[in-house]
Every structure is written in structure tokens, then in C-alpha cells.
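Enquirer: Input: one structure, supplied below.
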Amino acid sequence: MSFRWLSKALQSRNKERLCPVCPSISRLFSDVSSHSTPSFGIVFDIDGVVLRGDTPIGGSPQALRKLYHDSGPILIPTLTFLNDGALKIPYIFLTNGGGFRESNRASELSKLLGVKISPSQVVQGHSPFKQLVDRYENELVVAVGKGEPAAVMSEYGFKNVLSIDDYASCFDNIDPLAPYKKWTARLTCHDSTTKLVPPKINVHSQRVQAAFVLSDSVDWSRDIQVLCDIFRTGGLPGRNFGHQPQLYFAHDDLAYQAAFPAERLGLGAFRISLEAVFNRVHPHPLEYTTYGKPNPFVLKNAEILLQQLVQSLQHNAHVVSHASAGSHHFKTLYMIGDNPSVDIKGAQQAGHPWFSILTRTGVFKEKENHPQFPANLVVDTVEEAVDYILEKECTS
Ligand SMILES: [Mg+2]
């Protein structure tokens, strides 16, 4: 029994109740999902779409709740865990942001948005770094960025990873401005109480083989200095010139919408600064790889994750058949974002079956569609976007 067929049958009987925003859609999907699965999935950006800083925006808690089986009234977000209903519409978050483990980010989002979100529904800019574990599993690598970048990399399977904080602490005077930085305690890697660097790692003889920038640098001047030292010397600061170790960025966003009213400089701005400086102090230009939206492979990976989510939903509902055990094919995948050059461009480049929806709650605030990267649909809020999707899918 196909979802579309049942939808049409129910629509003819219940059209006045289903539209314009399908008041009874919870019942509709509840009925359907036990027999079939939706032919569509949704991908949400986070910053500027569902959150601004730690504050839900655009009716995001209400919007997300519509994607679950009903389980009672929604409470006030940030207070407690709210909706324990099962997921009925496959969706994931796809953010270029990061710095924290996916499991931590999922539980934080659950608290802020009031729905049950699993780690498998959270894809961050640095999530694809997992695919590089085979190459660097036992090599010395440095992790850069706010949050807990080294813990993230360790969870991915990297065995010899140091945060740039810990790494820099092993080199006396590597940052001549450190005495003036009163916002942070001075660290030392030889401190027996803190044990910042495991004994098996000797940063003065082991070359750094790669640096991973997971999230925004907290101390640009120190990080640019130390990364230039690493890259100029082949991974041994203070030594002679050497071949540049590999460099990976989780994304290349120039700006993003945070709590401040105007956009903030992002990882792309840090990349530009590092590259500009390095190219002035080194005869060869900086080599690096960037991940994150709008790279088409990120959207392709999101589609695969949604397919896996559908399969887990089918498994939970005990409806896996031989026909559905393989890859689930979506007729439409909705990308809801606030940044035309990141979210919308990414969906455009990925092509079918992607349908892009641009909200006005973040980077984009214009009345008309974006001229360079026009979305398939422009709405004010994420709740409006979800209502549009549910109406379209239940009446088509
Ligand atoms: Mg955004």
C-alpha cells in the first residue's frame, strides 16, 4: 500500500480537515507509517533556522513536533525533555557548525527543541572526518576549534590527537602574546596533574601529519601562528622547513547567524586569514581540503543517512519486506536553510530530488528570492516551511 495512494483516498474524505495545514496529519501519518514510509525526507540547517544561539526561532519546536507521532502537549523548551512520541517523518539536521560530539549535540538539541533527537540525526561539518580514520588512526594529528575538538576526533577513532591548546602548551613561548591573554589560564603539557599530553606522544620528535579545523578558532592569533609553524616545518615547530602536513576544514562558511543581530565571521574567514598569512611567509601556497555544505557529496551523504533512518523506522515498525530492505528512494528531499550560498547552493548543486526552502530567520532576510542562488521556495520561518511540506505531501 503506497503512501501516495492512501493519502489520496483519505484526502477525498477528509480534505476539509487535511488542508491547508493538515490538522489531522498526525493521524494520517500514524495510519500510514505502520504500512509504508513517506516518500520524502527533510534536512534542517540549525543556526538561523531552528536556533539563534541557544534560543529556538521560527516556531521550530512546534514545527519539529509535527514530524512525530503525537504524545501529548508541548511544554516550554529548555526546561525538560518533552515529546517522547516516535518519529514518523524522516529528518536530520545538517549543520556546518560543530566542535562537539554528535551525541552531545543531539541531547542538547533535544532539550532546546523539545523532541527526541538521536545522534544519527545530527550531521556536523566535521562528521565526514570519520572517513579519514584509516589514514591517520595512529598518526599525530592536531584538532582546532571551539568546544571539544580532540574529544570529537578521539570518538571518531583517531588515537593520537591533541587539541591545539594542548599542543601549543608544549612549546615555550610559541605564542608571544600569551602573557597578555587574560581570558585563559596558561597550560603546560608537562604538568603532572593535568596530563594534557599522553606520555606516548612526544611533540618534539613526532611530526604532526595533519591538522583538522573542526570549528571556529577561539584564539586566531595563536592558532594562525602555531599552524604556520606546523605547516612550514613539516610538523615540527621550531625546526627547518619541511613538507606541509595535510589540512582539513570542516566547512568554509564566511559568515553565520548567531545571537548577535548581524552575521558573525565564520570558519571561512579564519581560513582566508590563515591562507593569506601562510602564503606570505612560505614559498608554496597553502594546500587544504574543505568539507561541509555546499559540497554536493555532503547532500548525497545526507540522503544516505535518511535512507538508513527510514530503514530503522521500518525495522522498528516490523514492516521490513524484501522489497523495502534495500535503499529507500525519496521522491523529494527538502533542504531548509537560511544561507543562500551554503544551504540553497548545496541543494541546487545536488539536483534531483532536492527541493530548497529558504527562511528569513538567519543570514537571508530579503523580501524577494536570492538573485544568485534562488530557492525553490522562500518562507518567513521553519514552521512555515514544515507546514508547506506537510500540506504539499498530503494533498499531492
Ligand atoms: Mg544557517
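The values are calculated or read from the model by the stated rules, or taken from the named source; none is laboratory data. Just so it is clear, the model here is predicted, and its values are computed rather than measured. Virtual Cβ from ideal backbone geometry, glycine too; neighbours counted across all protein chains shown.
Enquirer: With within 16 Å of the ligand (Cβ to nearest atom), in a helix (DSSP H, G or I) and at pLDDT 95 or above as the only criterion, which of GLY268, GLY292 stands out?
Expert: Exactly one of GLY268, GLY292 is within 16 Å of the ligand (Cβ to nearest atom), in a helix (DSSP H, G or I) and at pLDDT 95 or above, namely GLY268.
Enquirer: Tell me, which strands (runs of 3 or more DSSP E) wholly within segment 329-388 include 1 or more residues that are away from the ligand (no atom under 12 Å from the Cβ), among the β-branched types (Val, Ile, Thr) and surrounded by fewer than 20 Cβ atoms within 10 Å (Cβ to Cβ)?
Expert: Because the criterion is at least 1 residues that are away from the ligand (no atom under 12 Å from the Cβ), among the β-branched types (Val, Ile, Thr) and surrounded by fewer than 20 Cβ atoms within 10 Å (Cβ to Cβ), the strands (runs of 3 or more DSSP E) in segment 329-388 that meet it are 332-337, 377-379.
Enquirer: Here is a follow-up. Mind checking whether some residue in segment 110-122 is of a type outside the set (Ser, Thr, Tyr), surrounded by fewer than 23 Cβ atoms within 10 Å (Cβ to Cβ), over 20 Å from ASN295 (Cβ atoms) and within 16 Å of the ligand (Cβ to nearest atom)?
Expert: Yes: segment 110-122 contains one or more residues that are of a type outside the set (Ser, Thr, Tyr), surrounded by fewer than 23 Cβ atoms within 10 Å (Cβ to Cβ), over 20 Å from ASN295 (Cβ atoms) and within 16 Å of the ligand (Cβ to nearest atom).
Enquirer: Identify all residues within segment 238-256 that are surrounded by 22 or more Cβ atoms within 10 Å (Cβ to Cβ) and in contact with an Asp or Glu (Cβ under 6 Å, 6 or more places away or on another chain); write none if there are none.
Expert: Residue satisfying the conditions is TYR256 alone.
Enquirer: LEU132 fails exactly one of the following numbered conditions: (1) touching a strand residue (DSSP E or B) at 6+ places or on another chain (Cβ under 8 Å); (2) surrounded by 22 or more Cβ atoms within 10 Å (Cβ to Cβ); (3) not in a strand (DSSP E or B). What is the number of that condition?
Expert: (2)
Enquirer: Say we look at segment 55-66 and pick out the residues that are within 15 Å of the ligand (Cβ to nearest atom) and either in contact (Cβ under 8 Å) with a residue 60 or more places away in the chain or surrounded by 24 or more Cβ atoms within 10 Å (Cβ to Cβ) (or both); which of these is farthest from SER110 (Cα to Cα)? So that I can check it myself, show each step before the final result.
Expert: Start the filter on segment 55-66 by keeping residues that are within 15 Å of the ligand (Cβ to nearest atom), which leaves 55-58, 60.
Filter again for either in contact (Cβ under 8 Å) with a residue 60 or more places away in the chain or surrounded by 24 or more Cβ atoms within 10 Å (Cβ to Cβ) (or both), leaving 55, 57-58, 60.
Numbers: THR55: 13, ILE57: 15, GLY58: 16, SER60: 12 Å.
My answer is GLY58.
Enquirer: For segment 90-109, how many residues meet the condition of being within 15 Å of the ligand (Cβ to nearest atom) and assigned to a helix (DSSP H, G or I)?
Expert: The qualifying residues number 2.
Enquirer: Return yes or no: is LYS345 more than 30 Å from GLY53 (Cα to Cα) and modelled with pLDDT of 95 or more?
Expert: Answer is no for this residue.
Enquirer: A further question follows. Would a scan of segment 82-92 turn up a residue that is modelled with pLDDT under 95 and touching a Lys or Arg at 6+ places or on another chain (Cβ under 7 Å)?
Expert: Yes, segment 82-92 has at least one match.
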